[in-house]
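A quick write-up on the structure given underneath.
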Amino acid sequence: MEYVHTQMAAPVVNLGPLAQMYGTLAATLAGFAFAALVIYLERQSNHGETPSVEVSSSKYGHVEPASIVKTLFYAMCALTVCAFLYARLAGESAPSGRVLLALSLFGMVLATAVLSLFYALNLVMTTHELTRPSAEATRWVVAAAGPSLAIALLADLFDSAWKLGCAGGCAAWMSPRWWSFAFGCVLLLVGMLLTMPVMRRVRGLGEAIEWLLRRRPIRAGSDSLVLRPHFPALVSVVFAVLVGGTTLWVDGLTPASGDGPDPRLWVHPVLILTSVVMATFAFTSGSVLDPAPTAPLGRRRFNECELEFRAVNLLSRVRVVEVGTGHVLGTVVRPDTNQAQLRPWNPSVVRRAGFAPADLDEVTATAKLLWAKHLEADR
């Protein structure tokens, strides 16, 4: 579809320096991520610490060094891909539909990559007793403010592309600037309500938040993400690879031949995609940084290994923690049925503890028994 734009509707600007600036930013942050990864690995090898019983019973016992290493590595990879993507656009001079589309997609990749880096820092803070309160107080930055700010920063780019395609001939209510503002505000409001405990003390809001958190799909999805703290960063690197691989094979992205697709066809779909990606990152990171609370059910000894059983709030699940090391052995799902099953979090932890299949069945049976006593006590 051909479209016409005028000098008044879309001023000609040089997009090359803009792409170069973002490429430099991505490369610099990739260097920071690499340095952080090396320092963390060196610290773990020289000062490896075994979590205490207090740490193992805390709600951040699921955050292990392996997850932090994966998160830093994924963030570094995503930022490196961003640097190469923006370098491909550094030679562009005039705005066009294809260049603005590329900048919009690359902006989503850069936003999730930067958020992954800050998310990794937040994970590191949760593993230390002194910084754990700070991690709880600042998790809203990663799970609420960051994703909404990313949408707000991309709003100007979407609006420029929209004006380029419309040339003043589109309805004002269709402007992506207003839709970006609306999506960003909703994401910020919901994220702040869920990640800031002080919000739950406000009359009327506390009940609404509890109602939302009690929805079984939300609670089950959130609890499933707890065993994968690296998942938000994995989302960013997978998205970066998809966008990078697609743009490498799209004919005519870098060559300056033609104006490319009409922005009126892709601005709103890309805006919706951005909102979905940011909401996904917010939900996954918030699920890890603010996991469902658990209640102790009791301790039992298996194969000279003491295990602690903890009931997951609002869900029929029992968390099994190795007391001596603080490692989470796994989660027993459906403990109130005959289909109860122990889902190990980390197979290496199970092997290191020396648990045979028969031992895991005994652990599951113990979890069922403790869960039944827990339900009977609540009646």
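The values are calculated or read from the model by the stated rules, or taken from the named source; none is laboratory data. Since the structure is predicted, the reported quantities are computational estimates derived from the model, not experimental observations. In this analysis, Cβ positions are derived from the backbone assuming ideal geometry, glycine residues included, and neighbour counts consider all displayed protein chains.
Reported count of residues in segment 41-72, each being surrounded by 16 or more Cβ atoms within 10 Å (Cβ to Cβ) and modelled with pLDDT under 90, is 13. Just one of the listed residues (153, 130) is surrounded by fewer than 24 Cβ atoms within 10 Å (Cβ to Cβ), at negative phi, not in a helix (DSSP H, G or I) and not acidic (Asp, Glu), namely 130.
One residue stands out in segment 310-346 among those that are among the small types (Gly, Ala, Ser) and modelled with pLDDT under 75: the one that is surrounded by the fewest Cβ atoms within 10 Å (Cβ to Cβ), namely 324. When 190, 142, 99 are checked against the criterion of being under 26 Å from residue 66 (Cβ atoms) and part of a helix (DSSP H, G or I), a single residue qualifies: 142. Do we find a residue being closer than 27 Å to residue 31 by Cα and either small (Gly, Ala, Ser) or at pLDDT below 85 (or both) anywhere in segment 167-182? Checked against the condition, which is being closer than 27 Å to residue 31 by Cα and either small (Gly, Ala, Ser) or at pLDDT below 85 (or both), segment 167-182 yields no hits at all.
Of the candidates 321, 363, 328, the single residue that is touching a residue at least 24 places away in the same chain (Cβ under 8 Å) and in contact with a helix residue (DSSP H, G or I) (Cβ under 6 Å, 6 or more places away or on another chain) is 321. Give the residue that is nearest to the chain's Cα centre (by Cα), with candidates limited to residues of segment 73-116 that are among the aromatic types (Phe, Trp, Tyr) and crowded, with 22+ Cβ neighbours inside 10 Å. Per the criteria, the residue is 74.
Within segment 163-195, if we keep just the residues that are farther than 18 Å from residue 274 by Cβ and among the small types (Gly, Ala, Ser), the residue that is nearest to the chain's Cα centre (by Cα) turns out to be 172.
Restricting segment 193-212 to residues that are in a helix (DSSP H, G or I) and over 16 Å from residue 144 (Cα atoms) leaves a set whose member that is modelled with the lowest pLDDT is 206. Residue selection: residue 136 fails the criterion of being at pLDDT below 85, in a loop (DSSP other than H, G, I, E, B) and out of contact with any Pro (no Cβ under 7 Å at 6 or more places or on another chain). Every condition in (1) out of contact with any strand residue (DSSP E or B) (no Cβ under 8 Å at 6 or more places or on another chain); (2) at pLDDT below 85; (3) surrounded by fewer than 20 Cβ atoms within 10 Å (Cβ to Cβ) is met by residue 276 except one, and the failing one is (2).
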